[in-house]
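The structure appears right after this line, and notes come after that.
The values are calculated or read from the model by the stated rules, or taken from the named source; none is laboratory data. Not measured: the values here are computed from a predicted model. Virtual Cβ from ideal backbone geometry, glycine too; neighbours counted across all protein chains shown.
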Amino acid sequence: MGFLIVNVVTNGTFPIDLPEADLILLSLDGDKQRHNEVRGDTYDTIMKNISNATADNICFYMAINQINKDCVRDVCLTARNIKNVRAVSFNFHTPYPDTKELALSKEEKAKCCDTIIEMMKEGAPIFNLKSAFPYLIHNQFPTPCYQCVVIENGKLSTCGRCIDIPGLCDQCGYFFVAEYTLLFKGYPKVVFEMLRTYLKYI
Ligand code: SF4
């Protein structure tokens, strides 16, 4: 397609046949009960589409919130045990004006990061950078990510469509923003870990 790496994001409710994608990021928001609570009754359809997928380059994409914060371990094990799934990548819920109540406290974010680190030690395939966790827990990473651009209906936004919501970037929960902004600032641990992680999962 003319790009070095092509990632596609999907909710997984349609058959998965994307030969041009290097990585398919598929939203999975917990175990069956919690995922369906967040995203409607789609868990079984998604699992069926994953097992029938034409490639094994699926990466779960989980936004951790007040509903599913205890499912981090479950999603890591599901990623490890299911054919066609290569890894899992996490975000924290970003408190958009209509879903503020789903956001995690700093203590809850720290607890989730501890679980993710434990799962990394147990060999779960996690497509995130441990070195960015302290910055994510305390929202101390630079925002927005000026290297990221989103185009929707002809409108071009720096970083994300949420760029226009006042104050939201200070509470951003997107791991990719922390990982990329710290990378572009030249944080050595992040640079090294990103190279190692990308070579492993893409
Ligand atoms: S930093 Fe980017 S992704 Fe995060 S809230 Fe701001 S615009 Fe959205």
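Structure notes:
- Of the residues making up region 1-45, those that are of a type in the set (Val, Ile, Thr) and within 19 Å of the chain's Cα centre (by Cα) are Ile5, Val6, Val8, Val9, Thr10, Thr13, Ile16, Ile24, Val38, Thr42.
- Checked across region 120-139, the condition of being surrounded by 15 or more Cβ atoms within 10 Å (Cβ to Cβ), farther than 30 Å from Arg80 by Cβ and either within 16 Å of the ligand (Cβ to nearest atom) or modelled with pLDDT of 95 or more (or both) holds for no residue.
- Yes/no for Lys185 being over 30 Å from Asp98 (Cα atoms) and more than 9 Å from the ligand (Cβ to nearest atom): yes
- Residue that is farthest from the ligand (Cβ to nearest atom), among those in region 148-158 that are closer than 20 Å to Tyr61 by Cβ and surrounded by 10 or more Cβ atoms within 10 Å (Cβ to Cβ): Val149
- Criterion (within 18 Å of the chain's Cα centre (by Cα) and either outside any loop (DSSP other than H, G, I, E, B) or not hydroxyl-bearing (Ser, Thr, Tyr) (or both)) met by exactly one of Glu118, Glu101, Glu107: Glu118
- Of all residues in region 146-172, those that are farther than 22 Å from Tyr135 by Cα have Cβ atoms under 7 Å from Cβ atoms of residues that are within 9 Å of the ligand (Cβ to nearest atom) and in a helix (DSSP H, G or I), 6 or more apart or on another chain, in Val150/Arg161; Glu152/Arg161; Ser157/Ile163.
- Sole exception among (1) among the hydroxyl-bearing types (Ser, Thr, Tyr); (2) in contact with a strand residue (DSSP E or B) (Cβ under 7 Å, 6 or more places away or on another chain); (3) surrounded by fewer than 15 Cβ atoms within 10 Å (Cβ to Cβ); (4) under 18 Å from Cys59 (Cβ atoms) for Tyr201, by number: (3)
- Any hit, region 159-181, residues being buried (at least 19 other Cβ atoms within 10 Å of the Cβ) and away from the ligand (no atom under 11 Å from the Cβ): yes
- Qualifying residue in region 184-196 (condition: touching a strand residue (DSSP E or B) at 6+ places or on another chain (Cβ under 6 Å) and of a type in the set (Phe, Trp, Tyr)): no
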